[in-house]
Amino acid sequence: MEGAELAGKILSTWLTLVLGFILLPSVFGVSLGISEIYMKILVKTLEWATIRIEKGTPKESILKNSASVGIIQRDESPMEKGLSGLRGRDFELSDVFYFSKKGLEAIVEDEVTQRFSSEELVSWNLLTRTNVNFQYISLRLTMVWVLGVIVRYCVLLPLRVTLAFIGISLLVIGTTLVGQLPDSSLKNWLSELVHLTCCRICVRSLSGTIHYHNKQYRPQKGGICVANHTSPIDVLILTTDGCYAMVGQVHGGLMGIIQRAMVKACPHVWFERSEMKDRHLVTKRLKEHIADKKKLPILIFPEGTCINNTSVMMFKKGSFEIGGTIHPVAIKYNPQFGDAFWNSSKYNMVSYLLMMTSWAIVCDVWYMPPMTREEGEDAVQFANRVKSAIAIQGGLTELPWDGGLKRAKVKDTLKEEQQKNYSKMIVGNGSVS
Amino acid sequence: MGSQASTLLRNEELEEIEKETGLSHCQITRLYRRFNDFQGIPELAINPVGNWIINAFFPEGEDQVNFRGFLQTLAHFRTIKDNEKSKDVNGPEPLNSRSNELHFISHDELLKVLCMMVRVHISDEQLGSIADRTIQEADQRGDSVLDKVDVEQKMSIRFLH
């Protein structure tokens, strides 16, 4: 009996603390500064760890372990330059070597496949999951690591799970309740309040620290917000600072419940699986949505899949055919504190939630000036222009490759294009001597 | 992860490979990850001679290649400077041959490679005449085949340390 009473007391104290320090401030969008203190301690600890690791490993292996430098020096020159000589000149045996060399280099190191696995860290951040090339250094470091494990799994994880549970429940209950009200500005205001509060709670459940830049460019109603995609968390990160109408497929299970509740309070755009395949239908519905200037801006991720946040891959043109104003947003995570990337083709949702045991999720969000399609620019060119802008702002590499290559093979047409270009080069001047 | 390659190959084997190929432990670790799906690399898939390169890794007549064979093949293409340091490998050589012996490039082989690089965009007769001309120009012995060509600049891969 005594044990049960004690457990009850601890639980109620715990919940009161959570309520007071986290939930209430979330409603008002206020921060008590607890996370800031946590982050400062964390940063100091990681700096100390980095210094110890550097002292402990011999000089040569530090250079060799450098993840940011590639393993080989690649020749990045395009086909015309690589096949030395003037355009339209004839075939030379060395041309074969150009292609062979490119092929071999691609085997050792290529631009695409590395984007579908988590970014390698320059120095270890005391998480086992990122321990790729680092070895045992000293007892003190190991002790700190053990302490870190205890803190993360025994203190932070229960807290985070509690918060996530509360956040999601509040979202479902809150939006259902608000959905009962008749359409009015009160309803919209309440719906925004519920969405924002629950998103803030969920972000705190990940120990998220987000810096928003250029808030004056925050997406406006009637516009389309596009951003680079790294993880499902992206949605949370953006909706903590503003309300968006989300676009996506209807899911089953818990996601489905959340989706159905949310759409009662505020017009999100959910599609059935069959409807997603009909591009015209999708475009039509989105056009209708943005035509209504009172509706919230749509949130779209044109890459169509999660990329590991080191680069921006091809933007699908569908989002750019709808018209309207595009508000680009760049999101860059700091991988030192926790990795948010989810490769859904390799890892399932449960292993992804392991992310809740990392130190924190730290990221920067840059809002950018709105862009519209110019005269004579087609959707693909517009998409590429927006993609470049986002890549430059976020400090990411820009790639023309399709993110869908995570799952699918590359199209044969691309190979044929290479062959065609090469053929033009060797018989371009119309004659073969 | 980094430890997988080390556990797959015993320490002695690892040392032997390091001596044979001149690749460092860290490079071998990274290459192990590449080995696991080197047939699914997009940049290789769009390369006109991509399939030919992949086939080069498989020993005669076999349809499987192990990690060690993979490394040995790659190591052939290190620069002469690196290879001199390791002293074990006979320097880089054209992809046309997979052994250290002299290999002759025949007219048919050349035609085959040309076909791969251009596919349907150039007619067969044109391809035939390109191949003839190339061999004529390069052929110094007059026996209609080409000798091993010095390809250090064009074919070697510069491994960084």
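Throughout, read-outs are computed from the coordinates displayed, never taken from laboratory work. Source: prediction; values computed, not measured. Heads up, the Cβs are rebuilt from the backbone with ideal geometry, glycines too, and the neighbour counts pull from every protein chain shown.
Rg/Rh for region B:10-82 to two decimals, with Rh computed the Kirkwood way over all alpha-carbon pairs.
On the way: Rg = 13.0 Å, Rh = 13.3 Å.
When Rh is taken as the Kirkwood radius, the ratio is 0.98.
Mean Kyte-Doolittle hydropathy of 1.6 or higher plus an axial Cα length of 15 Å or more: which whole DSSP H helices in chain A meet both?
Taking the DSSP H segments of chain A (at least 15 Å long, mean hydropathy at least 1.6), we get A:139-150, A:157-179.
A:S358 sits among other residues whose Cβ lies under 11 Å from its own Cβ, and their net charge, with Lys and Arg +1 and Asp and Glu -1, is +2.
Debye calculation, C-alpha points only, no solvent: report log10 I(q)/I(0) for region A:308-429 at q = 0.16 Å⁻¹, in the same order as the q values. Those come out to -0.98, one per q. Centroid-to-centroid, using Cα positions, region A:262-291 and region A:294-369 are 20 Å apart. Considering helices alone, the calculated mean residue ellipticity of chain A at 222 nm is -14500 deg cm²/dmol, with DSSP H runs of length four and up weighted by -39500 (n - 2.57) and normalised per residue. Each of A:L24 and A:L181 was given a label point 7 Å from its Cα along the Cα-to-Cβ line. The distance between the two points is 2.3 nm.
The relative contact order of chain A, computed from alpha carbon pairs under 8 Å that lie at least 6 residues apart in sequence, is 20 percent. Distance between the C-alpha centres of region B:14-85 and region B:112-130: 29 Å, rounded to the whole angstrom. Length gained on full extension, A:T16 to A:T413: 136.8 nm, using 0.36 nm per residue less the C-alpha separation. By the gyration tensor of its Cα atoms, with a ≥ b ≥ c the square roots of the eigenvalues, what is the shape of chain A: rounded for a/c under 1.5, prolate for a/b over b/c, or oblate? Oblate shape, in that a/c is at least 1.5 and b/c is the bigger or equal ratio.
When Lys and Arg each count +1 and Asp and Glu each count -1, what net charge do the other residues less than 11 Å away from A:K346, Cβ to Cβ, add up to?
Numbers: positive: A:K406, A:R407; negative: none.
Residues near A:K346 contribute +2 overall.
If neighbour count is taken as other Cβ atoms inside 10 Å, put B:K112, A:K295 in order from fewest to most. Provide the component values of the computation, followed by the final result.
Numbers: B:K112 12, A:K295 17.
Ascending number of Cβ neighbours within 10 Å: B:K112, A:K295.
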